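A single structure is presented below for examination.
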Amino acid sequence: MIQSIANVFEVPDLRKRVLYTLGALAVYRLGAAIPIPGINSEAIRALFAATSANNILGFLDMFSGGALGQFSIFSMGVMPYINASIIVSLLQGAHVIPYLDRLAKEGELGRRKLNQLTRYLTLFLAAFQGFGLTIAITKMPTPGNIPVVANPTWFFYVVTVLTMTAGCVFVMWLGEQMTEQGIGNGISLIIFTGIVDRIPGAVMKLAQLVQADEVSIIKALLLIGIILAITAFVVEVETAQRKIPIQYAKKVVGRKMYGGASSFLPLKVDQSGVIAVIFAASLLSVPMFVAQFSNSSIAQGINNFLGRGNWVYEALYGGLIIFFCYFYNSVSINPQDLAENLKKSGGFIPGTRPGDPTAKYIEWVLDRITLGGALFVAAVCVLPDYLRSSFNTPFYFGGTALLICVGVALDTMGQLESHMIMRNYEGFLKKGRIRQRWFNVGQR
C-alpha cells in the first residue's frame, strides 16, 4: 500500500492532479474558517453545542464540514448545488418537462445546457436558503439568551445573504474545477473532507469520556468494533451488483460470423446511494425548521415527536428513505428502454423472450433488489440514533456520513487505480480490482 501511494507521485500528470485536489480542498477548509462579520462567535458556538446534530441545523452543519457552526462565508457548502442537481435529474428522469428530455438526448451540448440550468437553480436556492438561515440564526434563542447579532439591520441581512450566496457559488465552481483538473469528483470530495474533518474531534471526545469513567474501555472498544463492522458491511453492499446474463445472437456478414458472445447487465443493489437519504432528511426537517420559530404547544409537540431517537421520527425517516429509493430507481432506470436497446443490438436474456417479457423480467429483478438496498440504507441511517442512546455517547461517524464517505472513497481510489494501471503500475490491491461505487453529484 505504501509503495502504491508512492507510485502516485511518480507519475507527473497524476501527481499534478492529486496536488491540485489537495490545494483546492485546503482553500475550501480555509474559507470555512472565515466568519461573517457582525456575528458573535461565542453565541453561535453555544447555539450549535446545544442543538448538536438532532435538527436541521446539525444536518446542514455536517454537510458544510462545520462551516455553518461558525457561520462562515462557506456556511451553506454545496447543499444548494446538490439539491439543484437532484431536482434537475428527477425532473429529467420523470419526463415532467419535455425540454429537459430533449436536452438529455443532445449529447455533449445538451449536457452543458443542463449543467447551466443546474447552476442557475443553485444560485436561486442559495439565495433563498441563505435568507432563511440568516433569519433562523438571528431569531433562534441561544443558551444564556446571548444574541448572535447584537442589532441586525436590513443592511446586515443583505450583506450576509450576498456573502453566503457568493460563497456557495465559489464552492460550486471550486468543486467543478477539482473534477476537471484534479482526481475524483470535486463536489463529493468537498463533502467527504467536511465529514472526515470531524473524526479526530469525535475520537478525542470518546477518549475524554473514557478517562472520566463515563464510558468504560470495554464499551468504547465495542463501539469502535461496531463502527468498523458497519463500515465493512456498507462497503460490501454499496459495491454489490445483480448481474443479469445477456447472450448475443450470431450474425453472418459476408463470409464472417459475428456475435455469439455472452455478457451481463449489472444492476446495483443500492442504485440511489445517498440521494434518497438527502431527500428524506430534507423533507422531514421542514416541519422541524418551521416549529423552531414558535413557542406554541403544537410546535413543541412537533419538536418532541420529530426529534431523533423518537420512534415516530425513526419510522417516518426509514419509510421516506425506502420510498425515495424506489422513486429514484423508477425515474433513473427504464426497463422498457433497456429491453429495446438489447433487442436492437441482438441481445437477449436466456430463457426470456425479447421485448415486453424482457422489460417485465428486468422490472421484476429491479423491484426485489431495490427492496433489499432500501432496507439496508434505512437501517444504516437509523442505527446511529440507537447506538447514541445505548452507549450514551455521540455516534459521529454513521448514517448519511458513512454512506457518503464509503462511496467517495471507493470512487476516488478506483480512479487513482485506473490511472496507475494505465501507466503500468500496480493498483492498491495485489489481487483483484477495487469495485467502484458511483457517487458523482452533479454529473450526468
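Laboratory data are not the source of any read-out in this text; all were calculated from the coordinates shown. Please read these numbers as outputs of a predicted model, since none were measured by experiment. FYI the Cβ positions are ideal-geometry reconstructions off the backbone, even for glycines, and counts take in every protein chain you see.
Which order results if TRP364, TRP173 are arranged by neighbouring Cβ count within 10 Å, fewest first? Display every interim value, and only then the final one.
Values: TRP364 10, TRP173 13.
So the residues, fewest neighbours to most, are TRP364, TRP173.
Gap in Å between the Cα centre of segment 199-246 and the Cα centre of segment 155-183?
33 Å
Report the label-to-label distance for ILE135 and ALA232 in nanometres (one decimal), using points 7 Å from each Cα along the Cα→Cβ vector.
So the label points at ILE135 and ALA232 sit 5.0 nm apart.
Enter the mean projected area of the convex hull around the alpha-carbon atoms of segment 97-246, in nm², rounded to one decimal.
16.7 nm²
While we're on this one: In debye to the nearest 20, how big a dipole does segment 1-198 give about its Cα centre with +1 on each Lys and Arg Cβ and -1 on each Asp and Glu Cβ? Display every interim value, and only then the final one.
Values: 13 positive and 10 negative charges, 35 e Å.
Dipole magnitude for segment 1-198 comes out near 160 debye.
Taking the number of other C-beta atoms within 10 Å as the exposure measure, put SER263, SER75 in order starting with the fewest. Could you put the intermediate results ahead of the total?
Numbers: SER263 12, SER75 28.
Ascending Cβ contact count within 10 Å gives the list SER263, SER75.
Next up: Counting other beta carbons within 10 Å of each residue's own, what order do GLU108, GLU236 fall into, fewest first?
Numbers: GLU108 7, GLU236 12.
In order of increasing Cβ crowding within 10 Å: GLU108, GLU236.
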